[in-house]
Amino acid sequence: MQNNPIGIFDSGVGGLTVVKEVQKILPNESIYYFADSGNCPYGSKTESETLRLTQKNIGFLLNQGCKLIVVACNTVTAVAIDILRAKYKVPFIGMEPALKPASIHTKAKRIGVLATENTFNGRLFKETFQKYANGIEVHIQPGNGLVELVEKGNHKGEHARKLLEKYLNPMLAIGIDTLVLGCTHYPFFSELITSITHNEVKIIDPARAVARQTKKIINEFDIAAPKETCCEFTFFTTGEKRTAKNLLQQIMIKTFKIKQMTGEISPF
Ligand code: DGL
């Protein structure tokens, strides 16, 4: 089991922002990443459709022998994490809406959160909100259209800037000093967000915390790869290989094999 890979998946390429952090703190672990880019985005799908696709993705990773699954998707975590933990034996790590670190950081007591509709609608966000938003003004904004731009590799262009300005300017107008990125695709916009916010807003991305939690669970379950093991990164996608390759290079994940999935992926 120790030598088996960690499975990480997302509706698309967004979860690579989590992979990058996992690789930094778990350099001996091999990773199988599954991007369901052919069915992306999940953020506006019904719960039952999201659950159906999620179970396919997990089935695929478990059939490859993954010892632990990181759900590198806020939307899937919001919709399905409890169901997944009840159904499968492997440990699951999900994405947390990073309201806790944001509430600690904000001096203005004004926070912005950018996420998908389904993430905001989920129990997890509502509970975290109640726990940490006391006395803090939280401006929530669904980032409709942003995921699609990343999937097409258009996250640095003029259209992306316009859309982000539309979402961020009202938050800046009320004086937020902290912005939570509640979707794993959004760190791809970091440069643009920093430019629009004039580098005056702290951007909080939970990816590093998720990587730390992954390390903790791996140690607790005693399934860490031996120190002398060399890691491998394999990228599976239901979408296009070429776009994926460009994004992988941009995010500096260098050692990779890319496999494009065709046909039905069997459930576990
Ligand atoms: N990366 C996913 C998330 O974190 C994107 C969801 C979508 O496909 O809309 O929520």
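The values are calculated or read from the model by the stated rules, or taken from the named source; none is laboratory data. Values in this document were obtained by computation on a predicted structure and should not be read as measured data. Cβ sites come from the backbone with ideal geometry, for glycine too, and all protein chains shown count toward neighbours.
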Pairs with Cβ under 8 Å, 6+ apart, first in segment 226-237 and closer than 16 Å to Ile251 by Cα, second of a type in the set (Phe, Trp, Tyr): Phe233/Tyr33; Phe233/Phe256; Thr234/Tyr32; Thr234/Tyr33; Thr234/Phe256; Phe235/Tyr33; Phe235/Phe256
Filter result for the condition that a residue is within 9 Å of the ligand (Cβ to nearest atom), among the hydroxyl-bearing types (Ser, Thr, Tyr), at negative phi and surrounded by fewer than 22 Cβ atoms within 10 Å (Cβ to Cβ), over Ser30, Ser48, Ser44: Ser44
Enumeration of residues in segment 156-193 that are surrounded by 24 or more Cβ atoms within 10 Å (Cβ to Cβ) and part of a loop (DSSP other than H, G, I, E, B): Ile176, Gly182, Cys183, Thr184, His185
Subset of segment 109-132 (residues that are surrounded by fewer than 18 Cβ atoms within 10 Å (Cβ to Cβ), out of contact with any strand residue (DSSP E or B) (no Cβ under 8 Å at 6 or more places or on another chain) and farther than 17 Å from Asn74 by Cα): Gln130, Lys131
Ala86 vs. criteria more than 16 Å from the ligand (Cβ to nearest atom), more than 29 Å from Lys227 (Cα to Cα) and outside any loop (DSSP other than H, G, I, E, B): yes
Odd one out for Pro91 among (1) more than 25 Å from Ser44 (Cβ to Cβ); (2) in the same structural domain as Met171 (by TED's automatic domain parsing); (3) in contact (Cβ under 8 Å) with a residue 24 or more places away in the chain; (4) not acidic (Asp, Glu): (2)
The lone exception for Cys66 - which of (1) more than 16 Å from the ligand (Cβ to nearest atom); (2) part of a helix (DSSP H, G or I); (3) in contact with a strand residue (DSSP E or B) (Cβ under 8 Å, 6 or more places away or on another chain) it fails: (2)
All positions within segment 194-206 that are surrounded by fewer than 21 Cβ atoms within 10 Å (Cβ to Cβ) and not in a loop (DSSP other than H, G, I, E, B): Thr194, Ser195, Ile196, Lys202, Ile203
Residues located in segment 169-208, provided they are within 16 Å of the ligand (Cβ to nearest atom) and of a type in the set (D, E, K, R): Asp205, Arg208
Number of positions in segment 42-69 that are touching a helix residue (DSSP H, G or I) at 6+ places or on another chain (Cβ under 8 Å) and hydrophobic (A, V, I, L, M, F, W, C): 5
Selection from segment 92-150 of residues that are assigned to a strand (DSSP E or B), within 16 Å of the ligand (Cβ to nearest atom) and in contact with a His (Cβ under 9 Å, 6 or more places away or on another chain): Val113
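Restricting attention to segment 222-238, which residues are in a loop (DSSP other than H, G, I, E, B), within 18 Å of Gly7 (Cα to Cα) and not β-branched (Val, Ile, Thr)? So that I can check it myself, show each step before the final result.
First pass over segment 222-238, keeping only residues in a loop (DSSP other than H, G, I, E, B): 222-232, 238.
Applying the additional criterion that residues be within 18 Å of Gly7 (Cα to Cα) yields 222-226, 229-232, 238.
Scanning segment 222-238 gives Asp222, Ala224, Ala225, Pro226, Cys230, Cys231, Glu232.
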